[in-house]
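Notes follow the structure.
Please treat every number below as a calculation from the coordinates, not as lab data. Please read these numbers as outputs of a predicted model, since none were measured by experiment. Because the Cβ atoms are built from the backbone with ideal geometry, glycine has one as well, and the counts that use them run over all protein chains shown.
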Amino acid sequence: MAKIRRPYLLNGIQVWVTGESEQEVADKYADLKYAMTQTQQQHYYQPPVKKHNFKRFAQDNWQYISQTVSEGTNRDYKYYLDRDILPFFGKMDVEDIDWRSIQAFYDKLKHYSFSTVHKRKVVLSRILQIALGDGLISNDPTKDKRLTHTKKRVGRPVPDNDLYKQFLSDINSLEHAHERLYMALVGYTGLRRGEILALRWSDISFDKNNIRVTRAVNTRRTSEASPGLIKKPKTSSGIRTVPMIPALKQVLTSNKHKHDYIITDARTEEPLHTEARFNTMWRSIRRQINTGPYTSHSFRHAVCSTLLSSGVDVKTTQSILGHAQASTTLDIYAHAIPKNIAEAGLLFSGKLAI
């Protein structure tokens, strides 16, 4: 009996199969196709890639982030992580996070200010940079140029000149010495909150009528078990000498006490180096005088505007306030410009009058 020979295509290649019958040819073709399929699977097969849960990865590697920043910054980073980042990315795998998921995260935070979103971005990028170094991802998706997020900046309200004067006149009506001392220092010097809370009596020169600023304390996200740490200002411009005008000197001398730190609650004999202690004082101040929408930092801005509008040059004002850049000083002053436009017109007309 003559043999049967039939052509077949396997992966685009023509092969001939020979048999005694059509059935034998068909069976041989089936065996050949199966053998080729098995060979291809063995050649191309790759075991499934092990993925890493983002929450677990962040927690396991947090030590590499915390050891590169200060204790206060670490507390802030941990807050951003727990408050916003983990609720969004916690159930995802690190390998599955791409620029689109980052964009979705930014979109969720669109009601926040630019600064707030940027702080979350910094923490998220630090975690993904570790994953990049470990070879889990090929790039950091937070650096993708297609990403956009809010540019909204929150303007801090600044009291006008009349309100500012009223606040200063209300200082002596405050019940407790540490309240009077705090409001006098913030109202007459424009020092930052952390700088005032870190001031010691030894920083005051009653003979030279000045105050030496060399340190600050960050009370954000602190507790009785973990109070804020005293440290040097972030930049060299933060170390400075500020003038002590007679009104401030009077408040300081009349409320001087035996404790080391100027802002010390006489009832507890404790400096206000925790967030809770400061908030307790600030609530007490607000119950006694009408601070409106203004924070203690608003008075720092009021001092800046008052100095510049009084004719003090930008460089000197920048030095007193401890701004690293003169542009920061001018940006604060810009808040008062709309209110002064009409007055500026009158002054300009007066200069040109013949």
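A few remarks follow.
- Scan of the range 80-99 for residues that are part of a helix (DSSP H, G or I) and surrounded by 15 or more Cβ atoms within 10 Å (Cβ to Cβ), ordered by number: Tyr80, Leu81, Asp84, Ile85, Leu86, Phe88, Phe89, Val94, Glu95, Trp99
- From the list His259, His273, the lone residue that is within 26 Å of the chain's Cα centre (by Cα) and assigned to a loop (DSSP other than H, G, I, E, B) is His273.
- For the range 46-75, filtered to residues that are among the charged types (D, E, K, R) and free of Cβ contacts under 8 Å to residues at least 12 places away in the same chain, the residue that is nearest to Ile137 (Cα to Cα) is Lys50.
- Among the criteria (1) surrounded by fewer than 20 Cβ atoms within 10 Å (Cβ to Cβ); (2) within 21 Å of Lys315 (Cα to Cα); (3) touching a helix residue (DSSP H, G or I) at 6+ places or on another chain (Cβ under 6 Å), the one Asn209 does not fulfil is (3).
- Only residues that are closer than 20 Å to Thr295 by Cβ and not polar (S, T, N, Q) were counted across the range 181-212, and they come to 18.
- Enumerated helices (runs of 4 or more DSSP H) restricted to the range 112-189, each holding at least 3 residues that are under 30 Å from Asp93 (Cβ atoms): 114-133
- Of everything in the range 216-250 that is within 22 Å of Met281 (Cα to Cα) and β-branched (Val, Ile, Thr), the residue that is surrounded by the most Cβ atoms within 10 Å (Cβ to Cβ) is Val217.
- Within the range 175-207, tally of residues that are under 16 Å from Pro233 (Cβ atoms) and more than 29 Å from the chain's Cα centre (by Cα): 1
Conditions (1) surrounded by fewer than 17 Cβ atoms within 10 Å (Cβ to Cβ); (2) of a type outside the set (Lys, Arg); (3) in contact (Cβ under 8 Å) with a residue 24 or more places away in the chain; (4) out of contact with any helix residue (DSSP H, G or I) (no Cβ under 8 Å at 6 or more places or on another chain), marked per residue:
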| residue | (1), (2), (3), (4) |
| --- | --- |
| Asp260 | yes, yes, yes, no |
| Glu275 | yes, yes, yes, yes |
| Thr280 | yes, yes, no, yes |
| Arg287 | yes, no, no, yes |
| Arg300 | no, no, yes, no |
| Ser305 | no, yes, yes, no |
| Ser310 | yes, yes, no, yes |
| His323 | no, yes, yes, no |
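- Among the residues of the range 137-177, those that are among the charged types (D, E, K, R) and without any contact (Cβ under 8 Å) to a residue 60 or more places away in the chain comprise Asp140, Lys143, Asp144, Lys145, Arg146, Lys151, Lys152, Arg153, Asp162, Lys165.
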